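Below is one structure, written out as structure tokens, with a few remarks after it.
The values are calculated or read from the model by the stated rules, or taken from the named source; none is laboratory data. Not measured: the values here are computed from a predicted model. Quick reminder, even Gly has a Cβ in these numbers, built from the backbone with ideal geometry, and neighbours come from all protein chains shown. Remember, those area values only see protein heavy atoms, side chains included, never the ligands or the DNA or RNA. Shrake-Rupley method; radii C 1.70, N 1.55, O 1.52, S 1.80 Å.
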Amino acid sequence: LSLKTRSLLSVFEEDAGTLTEYTNQLLQAMQRVYGAQNEMCLATQQLSKQLLAYEKQHFTLGKGDEEVISTLHYFSKVVDELNILHSELAKQLADTMVLPIIQFREKDLTEVSTLKDLFGLASNEHDVSMAKYSRLPKRKENEKLKAEVAKEVANARRKQHLSSLQYYCALNALQYRKRVAMMEPMLGYTRGQINFFKKGAEMFSKRMDSFLSSVSDMVQSIQGELDAEAEKMRVSQQDLIAVNESVYTPDSDVTSPAINRNLIQKAGYLNLRNKTGLVTTTWERLYFFTQGGNLMCQPRGAVAGGLIQDLDNCSVMAVDCEDRRYCFQITTPTGKAGITLQAESKKEYEEWICAINNISRQIYLTDNPEAAAIKLNQTALQAVTPITSFGKKHEVHHPSQNVKNMENDKIIPNESAGIQDSPQLIAPGTPIQFDIVLPATEFLDQNRGGRRANPFGESEDSSKDEEDSLLQQMFIVRFLGSMAVQSDDTSEVIYEAMRQVLAARAIHNIFRMTESHLMVTSKNLRLIDPQTQVTRTSFELATVTQFAAHQDNRRLIGFVVHLSEPLGEESMSAYIFESNTEGEKICYAISLGKEIIEAQKDPEALAQLMKSVPLTNDGKFMLLNDQSAEDGTTREEGEESEA
């Protein structure tokens, strides 16, 4: 049930409980009148007070009670007048006063209580079937078992839906029947008194008869509304019985689900993974919803939800977890693994990932969050239509980071090549690799002469290289993809590779990303496993010929590696990453590393470079924060994580 439905249901149940308590009190008062013929005065006084007490019950659902309250007030006055009479016809009181309220309590209130218990049993059966369905293995599925479990879930949902409708119908009907049950016994009581006492004709005028007629008409009108409401609910139940079973079957549209990728808020049931020991875990099905930039969870029976995870600047990715399907993990901005969740269907799985990804970018803080989310996802899908110059708009405000040569303390850029069309930058149909382990690198390791890198960690002299390096800066990055390119003359090839990689991920629903630590030194670029500190791959800084950051999405960074094959051939590949920091900082670190390489050839140039850039306590270069080109001021010192 949704949060709104559960809140509304609790209001109805509270109202029914209050009505039950009041009905019992009213019945006790009427039974006292029936049984206390010798104490008629006292009994009628108690009844009069109890009728007035209806107004003080503070029913949460008090729609239509104004007429009931005014009518009961008038009846209270009638009872006070009848209090002067000392006899009563017991049979008439038993048939017209006590019996209707007893029938109301035993039939209507008991029916509501019974339907509540049935609804609870159906909800429990649904939870058991959903837990059984969630435990279905991801691989090597038994289709027969899956069909049986899915059918069991569908039957449980149908049963729960039907029992909930019956329960809601009874709660709605109770709002009408309580008004009838409150007034009908008093009609019988009053008429019995009129017919019984000889002085009734003197006590009751035509005005009283008219009042009783109007009350009777009002009761009939309420009864008519109840019949109309009951007919609507009967039609709804018939429609429910005739509905297709696929409506209740989970993941029925797994082949082509209608996925909304522009969500900025999401709510629904998910399975939460909890660790119960060193190697044991449990899964709990809870109701989750987003509120601003927070992920909230509301356990069963709780009045409000609690904070589970702050989603600002977080990342979300699909994970394999205990052979379960549709699992994803939320990672904090610091790279620490957060909570692991499981959706019940492919549609829910992908929509939750897209919604959390949109929220993590703080789209909800913009003036038009829906439009911003649509624009963000359209940008990721630009590769569907051909674009010849993805990087032209970047060239105006973001010149390419070409390799710089230092001669006589002057920075001489390479000759800029003319802007090439995208088919010349990247060959059509070039495959994209989304895994950090690169087959091309493995081939070079197997065929390259000399020593190979240690597969279990660093090479033998890696520690010495780090100590000798004048620059050591580490950044947290996530690998998005790599592909072969045909040119490294301009940074536009990086923008085109970014466009194709992001588009391929969006089109093929690839959410998995490998997180690494990117170590930038004055000799190479190394990707390090954050858990084991093992170097996954490294690139000599001299082979990095182009590097650039995306202007719109400042966390996107890419670079081109130009390698010479053993047979004299050359290969160029573009690598695209997403960083936790601005990509410009990584570009600045790479640029500084290249300047150090050039300056090391000339001791005087190196000394001048070391004077112009601040150093750390151990004599290494310190990165600076970028400033806008308009102010022309010097760069301020900034702190980066230093290896």
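Worth pointing out:
- Verdict on Phe289 being of a type outside the set (Val, Ile, Thr) and either surrounded by fewer than 16 Cβ atoms within 10 Å (Cβ to Cβ) or assigned to a helix (DSSP H, G or I) (or both): no
- Scanning the stretch 468-494 for residues that are small (Gly, Ala, Ser) and under 18 Å from Thr581 (Cα atoms) yields nothing.
- Residue check for Leu240: closer than 30 Å to Asn580 by Cα and either in contact (Cβ under 8 Å) with a residue 12 or more places away in the chain or part of a loop (DSSP other than H, G, I, E, B) (or both): no
- Taken over the stretch 69-89, residues that are open to solvent by less than 30 Å² (accessible area, probe 1.4 Å) and of a type in the set (Gly, Ala, Ser) amount to 1.
- Inter-residue pairs, beta-carbon under 6 Å, first touching a residue at least 40 places away in the same chain (Cβ under 8 Å) and in the stretch 100-112, second part of a helix (DSSP H, G or I) and of a type in the set (D, E, K, R), 6+ apart: Pro100/Glu184; Asp108/Arg177
- Listed by first and then second residue, the pairs linking a residue in the stretch 212-224 that is open to solvent by less than 60 Å² (accessible area, probe 1.4 Å) to a residue that is part of a helix (DSSP H, G or I) and of a type in the set (Asp, Glu), with Cβ atoms under 7 Å apart and 6 or more places separating them unless they lie on different chains, are Met218/Glu67; Val219/Glu184.
- Test: Ile339 is under 21 Å from Glu515 (Cβ atoms), of a type in the set (A, V, I, L, M, F, W, C) and open to solvent by 10 Å² or more (accessible area, probe 1.4 Å): yes
- When Glu111, Glu125, Glu106 are screened for being surrounded by 13 or more Cβ atoms within 10 Å (Cβ to Cβ) and farther than 30 Å from Leu270 by Cα, only Glu111 passes.
- Scanning the stretch 254-281 for residues that are open to solvent by 40 Å² or more (accessible area, probe 1.4 Å) and either at pLDDT 90 or above or within 20 Å of the chain's Cα centre (by Cα) (or both) turns up Val254, Ala258, Ile259, Asn260, Arg261, Asn262, Gln265, Ala267, Tyr269, Arg273, Asn274.
- Residues of the stretch 322-339 that turn out to be on the phi > 0 side of the Ramachandran plot, at pLDDT below 85 and under 18 Å from the mean Cα position of the chain (by Cα), as a count: 0
- The stretch 128-149 - residue that is open to solvent by less than 20 Å² (accessible area, probe 1.4 Å) and of a type in the set (S, T, N, Q) and, of those, nearest to Ala318 (Cα to Cα): Ser134
- Scanning the stretch 558-589 for residues that are open to solvent by less than 20 Å² (accessible area, probe 1.4 Å), in contact with a helix residue (DSSP H, G or I) (Cβ under 7 Å, 6 or more places away or on another chain) and more than 20 Å from Thr430 (Cβ to Cβ) turns up just one, Ser579.
- Residue list for the stretch 20-60, restricted to those being assigned to a helix (DSSP H, G or I) and either among the small types (Gly, Ala, Ser) or at positive phi (or both): Ala29, Gly35, Ala43, Ser48, Ala53
- Filter result for Thr249 (open to solvent by 80 Å² or more (accessible area, probe 1.4 Å) and either of a type outside the set (Gly, Ala, Ser) or on the phi > 0 side of the Ramachandran plot (or both)): no
- When the strands (runs of 3 or more DSSP E) confined to the stretch 494-598 are screened for residues that are of a type in the set (A, V, I, L, M, F, W, C) and touching a residue at least 24 places away in the same chain (Cβ under 8 Å), those reaching at least 2 such residues are found at 514-521, 524-528, 544-549, 556-564, 570-579.
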